[in-house]
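The values are calculated or read from the model by the stated rules, or taken from the named source; none is laboratory data. Quick caveat, the model's predicted, so the values are computed rather than measured. Here the Cβ positions follow ideal geometry from the backbone for every residue, glycine too, while neighbour counts run over all protein chains shown. Protein only, heavy atoms only, side chains kept; ligands, DNA and RNA dropped before computing areas. Shrake-Rupley method; radii C 1.70, N 1.55, O 1.52, S 1.80 Å.
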Amino acid sequence: MMGSTYIPQGTTTKLSPADREASIKASTDNLRREAFTEWPNDAGFDGLTEHRGPIELSVKGNIPVWAAGSLYRTGPGQCKVDDTKSGTFHVSHWFDGLAHTHRFDIVPPAQSEDGPVKVLYSSRRQSEKLAADIKKKGILRSITFGQRVDPCVGIFSKFASVFSKRQDLVNVAVTVNTSMPSFGPGSVVLGTDASNMCHIDPVTMEPKTFLNQSNLHPELKGHFGAAHGLVDPQTGDYINYNLDFGKQSTYRIFRLDAATAKAHILAVIPYKPAFVHSFFMTQNYIVLCVPVAHYEWNGLKIPWEGNMLDAFKPFDPSEKCRWFVVDLRHGRGLVAEFESPARFFFHTVNAFEEEDSGDIYCEVIDFPNRYIIDGFYYNVLLNRNNAGREYWGKDGQLTKESYPRLCRFRLRKQDFVTGAASLPAPECVMELSGPQAGDFPVINPNYNCKRHRYDYILTSRGLSTFFDSITKVDTDTQEVLRWEGPHGHTPGEAIFVPRPPASAGEVLDEDDGVLLSVILDGPNRTSYLLCLDAKTMTELGTAECGFAVAIGLHGRHVSVSI
């Protein structure tokens, strides 16, 4: 069913492996000439408003009826609070922007109607209590990811601030979980890198309950976990870890049972504390890879600094990433450990097992160091006071070695060992580096914990302080299809919606589906929902807002039966 006549706004380009060097050079050249200063994406980070709606959007082209459902997007919203006792309060780091969740409802036509789908939009802020406290006090009184501290604060005031941090002022704005155990079918729960969760109304997105992992199990008393908890495709169980600081910091891998809503500890792992944003799961194992993002003072420097970023140890290239393999099915706990050279990562892609050998394959996007984190300060993203120029102009930032890598590692079953003085290293069996590696990877969700072929990633041609394109990577051939919008059109994470089978026996290709991405039209300071054919990376249609929608972090599509 077609809407109005649709003229594609962007273009799709095919890149072979031989094109990679040219794309690296083009991206580097764009950064050297500071092309990002001409790419307006500030409307996606600043001056954002709440629209409780629902507002009907203007649909152009064809958004398939089978994509009907709700697309939830969450992430940072407000980056400043006006009229506080100290004037305007500015949030320093994008990850600390105040939580703002968005819902795009793709509504099929009624059976009696013949026409295109409708798209309705609404949004809701979830950190109103925190915003009110900032307005009243003029400061941010909770532990943050990277909020800058006034350098003029004296040692006594800093010591006092350690004890003034408020645990009840939470800001949960990273991931969207649906139908989680303990919350019931149809539930929507927001997650973050702290052990906090926010249960929201699935329709209005109003916060219903803020809770902690310790509410699920008394041993989950640590303050941190993975923003990207995983759902076991076989059982529906929710899997995550809890990090407890102390003289000996401890990771507890746990499973929240879908049938009983009870939490069970799968493994207790004493190891130095670090920032671990995501992890891996296969049919039979959980794999926790701890990158070189370790905290000083066994994590106890976090309350002293008031944020996680300033509590990191300096990046040490002689350190190792430690891989912990935990049994998921049979209660055997930790079954293997591996080590690999120093790297940093935010996002795992997928993991699966080889049927014959039992070897584990883990795919991840990693970085040579932690410098990428500094690129998400608002001053850099918005190039305030030439901070973007300073960040991208640093020595080493514009070399081929500074780009992220899309890597697939093999953990051999025959190398499984624990507690050894010398640990085996995972084997890198696939690597793609350069601008095509990008970040914010997604796959067809039907292939979670299975061997997959296609990754969909936000990428940069060096034109923006954020991302400027969406790529499809064929991990078998390393060919790339890249969608790029007009100048100044900034994409958000692309969510894969699989096409449902037309009949019980139909076998679908892995890339048979669509991608939904919220695009910021920077020059016009508006946004639109883009629908791409996941096979060809060509545009099918859009739903256009008359205002800017925040460039968010992550999202989830919840299908409805047609």
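Placing unit charges on the Cβ atoms of the charged side chains and taking the dipole of the chain about its Cα centre, the candidate lying farthest along the positive direction among Gly522, Pro76, Phe210 is Phe210. In region 529-560, which residues have a backbone nitrogen under 20 Å from the label point lying 7 Å from Val507's Cα in the Cα-to-Cβ direction? Within reach of a label on Val507: 535. Ligands, DNA and RNA left out, the 1.4 Å accessible surface of region 450-562 is 50% carbon and sulfur atoms. Site pair Phe547 and Val429 shows an inter-label distance of 5.0 nm when each label is modelled 7 Å from Cα along Cα→Cβ. Taking every alpha-carbon pair under 8 Å whose residues sit at least 6 apart, the chain reaches a relative contact order of 17 percent.
A helix-only calculation puts the chain at -2000 deg cm²/dmol for mean residue ellipticity at 222 nm, using -39500 (n - 2.57) for each DSSP H run of at least four residues, averaged over all residues.
Were the residues from Arg389 through Asp316 laid out at 0.36 nm apart, the gain over their Cα-Cα distance would be 23.7 nm. At the listed q of 0.05, 0.08, 0.10, 0.11 Å⁻¹, the Debye profile of the chain, built from one uniform point per Cα, gives log10 I(q)/I(0) equal to -0.19, -0.51, -0.83, -1.03.
Extension gain, Thr538 to Arg32: 0.36 nm times the residue separation minus the Cα-Cα distance gives 179.2 nm.
For the chain, the dipole from Cβ point charges (+1 on Lys and Arg, -1 on Asp and Glu) about the Cα centre works out to 1640 debye, to the nearest 20.
In summary, the lysines within cross-link reach of Lys272, defined as a Cα separation below 23 angstrom excluding same-chain residues under 8 places away, comprise Lys221, Lys247, Lys301, Lys313, Lys320.
Relative contact order of region 4-99: 26 percent, from C-alpha pairs under 8 Å at least 6 residues apart in sequence. Taking each residue as 0.36 nm, the span from Glu355 to Val268 lengthens on full extension beyond its C-alpha to C-alpha distance by 28.5 nm.
Report the local net charge at His100: Lys and Arg +1, Asp and Glu -1, summed over other residues whose C-beta lies under 10 Å from its C-beta.
Counting the neighbours of His100, the net charge comes to +2.
Modelled label positions at Ile372 and Asp201, each set 7 Å beyond Cα in the direction of Cβ, lie 3.7 nm from each other. In percent, rounded to a whole number, the relative contact order of region 261-370 is 27, using alpha-carbon pairs under 8 Å and six or more apart.
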